[in-house]
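The values are calculated or read from the model by the stated rules, or taken from the named source; none is laboratory data. Model, not experiment: these values are computed from the prediction. In this analysis, Cβ positions are derived from the backbone assuming ideal geometry, glycine residues included, and neighbour counts consider all displayed protein chains. When the accessible area is computed, the model is the full protein with side chains, heavy atoms only, and any ligands, DNA or RNA have been set aside. Shrake-Rupley method; radii C 1.70, N 1.55, O 1.52, S 1.80 Å.
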Amino acid sequence: MKKIHVFNAGPCLLPQVAIDNAIEALKDFKGTGISLISISHRTPQWDEVMNECRALWKELLHIPEDYEVVFLGGGASMGFLYVAMNFLEKKAAYLDTGVWAHKALKEAQGLGEAYAVACSKDKNYTYIPKDYEIPTDVDYFHITTNNTIYGTEIKEDIDCPVPLIADMSSDILSRPVDVSKYAMIYGGAQKNAGPAGVTFFIIKKDLLGKVTRYIPTMLDLRTHIDKDSMFNTPPVFSIFVMNETLKWVKSIGGVEAIHAINEKKAKTLYDEIDRNSMFIGTAEKDSRSIMNVCFVMAPGKEDLQDEFMAFAKSKGMVGIKGHRSVGGFRASIYNACSQEDVEALVACMQEFEQLKK
């Protein structure tokens with residue numbers, strides 16, 4: 001059987017052990033004789049999963065004691081509204097680095113004054129802006145650390161004079177993070193942390209409750225902190241698989257170890273893109289993401305795009321088609337994507353180059 005190499009942008013490839021353990025839990029959750037998707041979230045066995053999952057987040061990211069971890073539905077898109085609802089009192093600043101960053105800004109503008117301090121749309125979001133100042137008269141500064149569509153990434157924890165909020169949907173757990181520099185980190189799990197259906201929030205608790213507007217109960221993050229993420233029925237299956245994924249991250253050495261693996265994978269693929277006469281990278285080199293590698297056919301080779309796509313598919317490459325808004329190719333090399341997968345894609349690119357010389 002042909003080996004399949006999955007580079008989907010999300011839902012992402014998950015570690016096989018997490019999938020296998022989820023299958024067993026679907027049959028019988030913790031020896032209860034009940035399927036995971038039929039279990040009551042009020043049982044002691046489910047409490048164990050929730051407590052372990054929170055503890056793993058705190059351990060893997062070295063989260064300080066004055067922060068809480070919350071699991072909710074709605075995705076990061078719902079998170080855009082949670083951000084503005086819970087932190088925007090008078091004015092907020094955003095860094096506009098792509099579609100999702102822009103949507104986060106637009107959501108905030110529906111509730112109050114919010115604006116972009118810098119934007120990279122002038123070059124189709126192929127770089128991370130650098131020459132900007134963070135205003136000191138805003139309630140918070142919002143960034144999107146990794147931009148899946150364009151393959152750009154903020155790879156360091158910036159120093160910020162105001163509360164810093166980050167959407168880390170697509171690079172969480174891929175590198176060490178100094179959580180103490182953030183007021184809140186949030187994101188959809190389906191890129192690195194688990195399956196679709198659950199959103200994580202890492203919140204500095206004493207920064208909540210500062211806005212004077214009425215916050216609907218379900219949109220008030222304090223509601224979910226107070227009820228341990230179970231004010232209403234949580235996305236049980238998604239949290240279970242997320243917990244299994246975090247256990248896998250810990251088993252291979254934690255975030256620090258996986259960061260070295262991710263750096264090696266990214267270098268392997270970018271080096272080939274830069275060497276191969278058939279392809280060219282789209283993101284500026286100093287802004288390149290280690291999670292989403294975007295590239296196109298080299299000038300003069302554009303008519304070979306469909307042919308390469310078919311060739312790559314024949315070699316078992318899945319999910320390398322670029323986002324519909326930018327075209328080209330995108331290899332999402334999240335945590336569970338192996339060095340072997342990346343090397344298989346590189347070999348595919350090299351073989352295609354030889355065929356076309």
Are any residues in the range 289-311 outside any loop (DSSP other than H, G, I, E, B) and crowded, with 23+ Cβ neighbours inside 10 Å, and if so, which ones? 292, 293, 294, 295
Pairs, first touching a residue at least 40 places away in the same chain (Cβ under 8 Å) in the range 36-48, second of a type in the set (S, T, N, Q) and outside any helix (DSSP H, G or I), C-beta under 6 Å, six or more apart: 41/233
Scanning the range 83-103 for residues that are within 17 Å of the chain's Cα centre (by Cα) and in a helix (DSSP H, G or I) gives 83, 99, 100, 101, 102, 103
Selected residue (criterion: surrounded by the most Cβ atoms within 10 Å (Cβ to Cβ)) from residues of the range 112-132 that are assigned to a loop (DSSP other than H, G, I, E, B) and without any contact (Cβ under 8 Å) to a residue 40 or more places away in the chain: 125
Name the residue, out of 51, 86, that is among the polar types (S, T, N, Q), surrounded by fewer than 14 Cβ atoms within 10 Å (Cβ to Cβ), at pLDDT 95 or above and over 27 Å from residue 284 (Cα atoms). 51
Return the pair list, or none, for Cβ contacts closer than 9 Å from residues in the range 211-222 that are at pLDDT below 95 to residues that are surrounded by 10 or more Cβ atoms within 10 Å (Cβ to Cβ), at least 6 apart or on different chains. 213/85; 213/88; 213/89; 213/111; 213/112
Can you tell me which residue in the range 54-77 is most open to solvent (accessible area, probe 1.4 Å), limited to those that are assigned to a helix (DSSP H, G or I) and touching a strand residue (DSSP E or B) at 6+ places or on another chain (Cβ under 7 Å)? 58
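Among the residues of the range 136-148, are any more than 19 Å from residue 106 (Cα to Cα), over 14 Å from the mean Cα position of the chain (by Cα) and of a type in the set (S, T, N, Q)?
Within the range 136-148, one or more residues are more than 19 Å from residue 106 (Cα to Cα), over 14 Å from the mean Cα position of the chain (by Cα) and of a type in the set (S, T, N, Q).
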Look through 331, 283 and report the one residue that is in contact (Cβ under 8 Å) with a residue 60 or more places away in the chain and part of a loop (DSSP other than H, G, I, E, B). 283
If residue 131 satisfies every condition in (1) modelled with pLDDT of 95 or more; (2) over 21 Å from the mean Cα position of the chain (by Cα) but one, which is the exception? (1)
All but one of (1) more than 30 Å from residue 49 (Cβ to Cβ); (2) open to solvent by 10 Å² or more (accessible area, probe 1.4 Å); (3) modelled with pLDDT of 95 or more hold for residue 108; which doesn't? (2)
Before we move on, is residue 235 at pLDDT 95 or above, open to solvent by 40 Å² or more (accessible area, probe 1.4 Å) and out of contact with any His (no Cβ under 8 Å at 6 or more places or on another chain)? no
Residues satisfying the stated conditions in the range 334-357, i.e. outside any helix (DSSP H, G or I), of a type in the set (S, T, N, Q) and farther than 16 Å from residue 289 by Cβ: 338
Taking the range 1-15 on its own, how many of its residues are without any contact (Cβ under 8 Å) to a residue 40 or more places away in the chain and either surrounded by 14 or more Cβ atoms within 10 Å (Cβ to Cβ) or under 23 Å from the mean Cα position of the chain (by Cα) (or both)? 0
Is there a residue being surrounded by 24 or more Cβ atoms within 10 Å (Cβ to Cβ), at pLDDT 95 or above and over 23 Å from residue 241 (Cβ atoms) anywhere in the range 183-204? yes
Kindly indicate the residue of the range 144-174 that is in a loop (DSSP other than H, G, I, E, B) and of a type in the set (A, V, I, L, M) and also surrounded by the fewest Cβ atoms within 10 Å (Cβ to Cβ) among those meeting that condition. 158
Could you list all residues from the range 250-291 that are under 25 Å from residue 124 (Cβ atoms) and of a type in the set (Gly, Ala, Ser)? 266, 277, 281, 283, 287, 289
